[in-house]
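As structure tokens, the structure follows; a few thoughts come after it.
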Amino acid sequence: MFRDLIASHWDINTHMKLVQDYEKGEIDNFDVLMYIGENYHTRIPRSLINDINNTTKEILWINYHTWRLNTKKLGFKVSNKHSRDFDRISYRNYDFKLNPTDTSLVHLTNPAKAEVLASLVDNETGKKIPAIVNANDNFLYVSYLPLAIPYLDEPIPFFNALHETFGHHKKDPKVLLRLEDIHVGPSDFNLVSISEFLKRKSIPYHFGIIPLYVNPRQNISMSILDDPELVNILKSMQLN
């Protein structure tokens with residue numbers, strides 16, 4: 001699921017293998033190394049630990065076994081003890097419900113090296129600890145195993161933090177412009193002028209019409225077909 005998510009959002013090639021199959025120096029063949037710590041009892045090769053401690057490549061490490069790394073270099077420590085006491089993730093002044101899961105206990109030792117991007121919060125006590133940490137601008141640590149389910153809100157901080165590892169996208173804001181309730185009869189705007197302006201500026205737009213207006217009390221019934229000029233204007237707008 002993580003692999004599909006990353007591949008759908010970034011134009012990169014991915015390669016998966018079991019951590020116990022890692023070979024010394026293999027990290028040099030890739031731009032990013034991602035470790036997913038699903039099992040506490042997994043044995044991590046010493047060669048992997050050494051390579052990560054000495055690399056400048058991008059590292060994304062999730063959940064267990066971070067305590068085996070060079071914590072002095074990273075600027076934070078992770079306890080080999082865990083907790084299920086935390087209820088939510090605080091990220092950019094928004095709260096996201098945390099589904100019950102083991103969370104590693106993180107403590108910053110050097111804020112100059114490690115930045116907290118998101119925190120875990122215990123609703124009962126108000127206790128807060130780091131959840132996602134960016135260390136030295138090349139090591140992203142996530143202290144819990146995120147659910148890779150897009151329709152839940154829990155993964156949002158994790159999904160967004162992935163940009164720290166895989167890169168931020170060039171901002172390309174898009175706006176949908178829609179002209180509503182175009183109808184037969186008097187209007188407060190000049191439809192021809194608006195459509196010509198949008199065409200000159202190469203601005204795409206949608207429009208909606210009221211094809212038939214009926215008012216029984218006033219005995220009024222107006223069809224858009226009763227106004228051939230308006231129909232021609234609308235046809236011209238469709239070609240824009």
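The values are calculated or read from the model by the stated rules, or taken from the named source; none is laboratory data. This one's a predicted model, so the numbers in the text were calculated from it and none came from an experiment. Glycine gets a Cβ as well: all are built from the backbone with ideal geometry, and neighbour counts include every protein chain shown.
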ask   = Restricting the stretch 29-65 to residues that are over 21 Å from ASN160 (Cβ atoms) and in contact with a Ser or Thr (Cβ under 8 Å, 6 or more places away or on another chain), which is surrounded by the most Cβ atoms within 10 Å (Cβ to Cβ)?
value = TYR64
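The rows are residues; the columns are (1) at pLDDT 90 or above; (2) of a type in the set (Val, Ile, Thr); (3) over 22 Å from the mean Cα position of the chain (by Cα); (4) farther than 23 Å from ALA135 by Cα.
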{"site": "ASP28", "(1), (2), (3), (4)": "yes, no, yes, no"}
{"site": "THR42", "(1), (2), (3), (4)": "no, yes, yes, yes"}
{"site": "ASN54", "(1), (2), (3), (4)": "yes, no, yes, no"}
{"site": "LEU60", "(1), (2), (3), (4)": "yes, no, no, no"}
{"site": "ARG68", "(1), (2), (3), (4)": "no, no, yes, no"}
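Anything in the stretch 193-227 that is among the charged types (D, E, K, R), exposed (fewer than 10 other Cβ atoms within 10 Å of the Cβ) and either closer than 26 Å to ASN240 by Cα or touching an Asp or Glu at 6+ places or on another chain (Cβ under 7 Å) (or both)? List them, or say none.
To start, the set of residues in the stretch 193-227 that are among the charged types (D, E, K, R) comprises 196, 199-201, 217, 226-227.
Those left that are additionally exposed (fewer than 10 other Cβ atoms within 10 Å of the Cβ): 200-201, 217.
Of everything in the stretch 193-227, those that are among the charged types (D, E, K, R), exposed (fewer than 10 other Cβ atoms within 10 Å of the Cβ) and either closer than 26 Å to ASN240 by Cα or touching an Asp or Glu at 6+ places or on another chain (Cβ under 7 Å) (or both) turn out to be ARG200, LYS201.
From the set of residues in the stretch 1-26 that are without any contact (Cβ under 8 Å) to a residue 12 or more places away in the chain and not in a loop (DSSP other than H, G, I, E, B), which is nearest to the chain's Cα centre (by Cα)?
Looking only at the stretch 1-26, we keep the residues that are without any contact (Cβ under 8 Å) to a residue 12 or more places away in the chain, and these are 4, 7-8, 11, 13-14, 17-18, 21.
Filter once more, so that each one left must be not in a loop (DSSP other than H, G, I, E, B): 4, 7-8, 21.
Values: ASP4: 14, ALA7: 13, SER8: 12, ASP21: 31 Å.
Among those that are without any contact (Cβ under 8 Å) to a residue 12 or more places away in the chain and not in a loop (DSSP other than H, G, I, E, B), it is SER8.
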remark   = Inside the stretch 1-28, the number of residues satisfying the requirement of being more than 14 Å from PHE166 (Cβ to Cβ) and surrounded by 13 or more Cβ atoms within 10 Å (Cβ to Cβ) is 4
query = Taking HIS206 and the conditions (1) modelled with pLDDT of 90 or more; (2) in the same structural domain as HIS65 (by TED's automatic domain parsing), which numbered condition does it fall short on, given that it satisfies the others?
reply = (2)
ask   = Residues ASN160, ASN138: which one is at pLDDT below 90, over 24 Å from LYS81 (Cβ atoms) and out of contact with any Gly (no Cβ under 8 Å at 6 or more places or on another chain)?
value = ASN160
key: Odd one out for GLY126 among (1) exposed (fewer than 11 other Cβ atoms within 10 Å of the Cβ); (2) among the small types (Gly, Ala, Ser); (3) closer than 21 Å to GLU58 by Cα   = (3)
